[in-house]
Amino acid sequence: MQTLMLPRRALIFLFAAWIVVMLYPDPTTIIRSVRNTLQPQIQPQAVAAIAARLPNDPKAIEAYVLDKQVPYAYDWQTAGVPWYFPTTQEALKSGAGDCESRAVVLASILSAKGIPNHLYMSLDHIWVDYPGKTANAIENPAVQIAGRQNGHWFFHLPRLFNLQAEWDAQIGQYVTPAPLWRVVLLLAGLSLVMLWNALARLLGAGRLAADGLLPVERPPRRRLFRRPGPAPAHRLFGLPGTQRA
């Protein structure tokens with residue numbers, strides 16, 4: 001039926017809306033995440049008790065945060081969404097988290113102890129830099145694309161970029177840990193949106209045919225042509241034709 005057909009703009013809207021609904025059932029989650037990324041919630045007061053019982057060695061503090069305070073977990077596991085940037089209090093409450101959770105807790109503890117620190121970011125990681133920090137494969141200036149110093153972000157292109165490594169990292173972080181049922185529903189909904197108009201045409205044509213509203217195509221009739229025979233003799237010689245009594 002023509003009434004089931006949707007314009008392209010409506011299909012694009014449904015496509016995008018389904019992605020948002022399946023990935024972020026609560027849209028405010030992604031809004032808070034973007035806000036916390038632009039303005040990381042470093043909260044020294046939230047970790048004051050933890051900072052008081054830790055040494056002043058930033059490397060020892062980092063090891064404690066990574067191993068005990070915030071063991072690694074994907075955002076799918078802690079927040080139920082593919083990506084979320086928490087506040088320090090949220091990371092402490094979860095008791096686990098990925099690099100964003102670990103970074104804000106570590107930065108908060110270092111700030112509570114008066115140790116200088118800065119946040120840096122690559123395409124798939126965020127970390128805390130401090131005096132005496134040892135660079136490694138995923139935390140170094142070559143992969144850095146952004147940083148936050150003195151309350152302001154700065155951005156630049158990375159000096160080192162490996163497309164295959166970045167692809168593997170994104171798949172491993174956002175797709176692999178996703179609940180299977182969410183992935184199935186996401187793909188099923190997107191497939192339905194992309195095939196909507198084609199299915200509408202098929203359903204509409206089937207309903208019209210069932211109601212007898214579509215013209216039935218019939219094979220063309222064969223015309224019978226009589227082969228011309230020999231002309232009668234009276235026509236050939238101009239004689240009057242014979243008449244029956």
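Please treat every number below as a calculation from the coordinates, not as lab data. All values reported here derive from a predicted model rather than from experimental measurement. With ideal geometry, Cβ positions are generated from the backbone for all residues, glycine too; neighbour counts draw on all protein chains shown.
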Quiz prompt | Failed condition for Gln144, given (1) under 27 Å from the mean Cα position of the chain (by Cα); (2) polar (S, T, N, Q); (3) in a helix (DSSP H, G or I) | solution = (3)
Quiz prompt | Those helices (runs of 4 or more DSSP H) lying entirely in region 1-55 with at least 2 residues out of contact with any helix residue (DSSP H, G or I) (no Cβ under 7 Å at 6 or more places or on another chain), closer than 20 Å to Ile126 by Cα and among the hydrophobic types (A, V, I, L, M, F, W, C) | solution = 28-38
Exercise. Report the residue count in region 55-72 for those that are closer than 20 Å to Leu119 by Cβ and in contact (Cβ under 8 Å) with a residue 24 or more places away in the chain.
Key: 9
Quiz prompt | Candidates Glu90, Glu139 - the one that is within 17 Å of Thr37 (Cα to Cα) and not hydrophobic (A, V, I, L, M, F, W, C) | solution = Glu90
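Table: residues versus (1) more than 21 Å from Asp124 (Cα to Cα); (2) of a type in the set (A, V, I, L, M).
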| site | (1), (2) |
| --- | --- |
| Asp57 | yes, no |
| Val65 | no, yes |
| Lys68 | yes, no |
| Gly80 | no, no |
| Tyr84 | no, no |
| Gln89 | yes, no |
| Ala96 | no, yes |
Exercise. Assess whether Thr37 counts as being polar (S, T, N, Q), crowded, with 16+ Cβ neighbours inside 10 Å and either more than 30 Å from Arg201 (Cβ to Cβ) or in contact (Cβ under 8 Å) with a residue 40 or more places away in the chain (or both).
Key: yes
Self-check item: Number of positions in region 166-202 that are part of a helix (DSSP H, G or I), under 21 Å from Val81 (Cα atoms) and not β-branched (Val, Ile, Thr)
Solution: 17
Quiz item: If you take the residues of region 62-80 that are surrounded by fewer than 18 Cβ atoms within 10 Å (Cβ to Cβ) and in a loop (DSSP other than H, G, I, E, B), which of them is farthest from the chain's Cα centre (by Cα)?
Solution: Pro71
Quiz item: Can you find even one residue in region 106-129 that is among the small types (Gly, Ala, Ser), outside any helix (DSSP H, G or I) and over 30 Å from the mean Cα position of the chain (by Cα)?
Solution: yes
